Structures are given as C-alpha cells and as structure tokens.
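Below is one structure; the comments refer to it alone.
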Amino acid sequence: MGPYATAHLDDAAWRHGVLKCLFVGVPLAAVDGLETRRDDELVRMVRAFADERTAAGRDFPADGTRLLAGPEGGAHRAGGTGAAEPSS
C-alpha cells in the first residue's frame, strides 16, 4: 500500500489493507506509513490473525511477527482517529 492509501484511507480501512497484505504475502516493507499508523487495534488484529493461523497449523508471516514485536520494543500509537488526516 502506497502513499495514496496512507493519505486517504481511514484507520479501519488502512488496517484491513495491512492485514490483507499479510494474508496474501505482500512484504510489510511495501506498506507506506506503517511506523506512523501502527496502533493498538492493528496489533490486536494481527495478533488474532496469528492465533488463527497457528490454530490451523499454518505458518504466520515473519513480517507479522516483526509488526507484533514493534519498533523499539513495541511502542506504537494508542489508537486511531477513525479518519484519515487531511492531506496538504
């Protein structure tokens, strides 16, 4: 997901896009704004996806594991605004 998605998708749609990237194997390095838009709800969603994959005996992408670990020991936003910030 590129800069357009980061600028125009609300938090819920953007999170679902990130989850879809994990699901189809798109490297999270390709997700623009991951460090700034990563929040508690995204972590919850990815953790639920990891639990589901593990319960089914399937592999979970390494990118997802890194997302769950988080930058600098797991620091991330507490929550989203529900809407994309206006672009300048």
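The values are calculated or read from the model by the stated rules, or taken from the named source; none is laboratory data. Quick caveat, the model's predicted, so the values are computed rather than measured. Backbone-built Cβ (ideal geometry, glycine too); neighbour counts: all protein chains shown. Areas reflect the complete protein model, heavy atoms only, side chains present, ligands, DNA and RNA absent. Shrake-Rupley method; radii C 1.70, N 1.55, O 1.52, S 1.80 Å.
Thr65 meets each of the listed conditions (1) surrounded by fewer than 16 Cβ atoms within 10 Å (Cβ to Cβ); (2) of a type outside the set (A, V, I, L, M, F, W, C); (3) modelled with pLDDT under 90 apart from (3). Of the residues making up segment 53-72, just one is assigned to a loop (DSSP other than H, G, I, E, B) and under 12 Å from the mean Cα position of the chain (by Cα), namely Gly70. Taking only segment 1-31 into account, find how many residues are of a type in the set (A, V, I, L, M), open to solvent by 50 Å² or more (accessible area, probe 1.4 Å) and either over 19 Å from Gly64 (Cα atoms) or within 8 Å of the chain's Cα centre (by Cα) (or both). Qualifying residue count for the region: 1.
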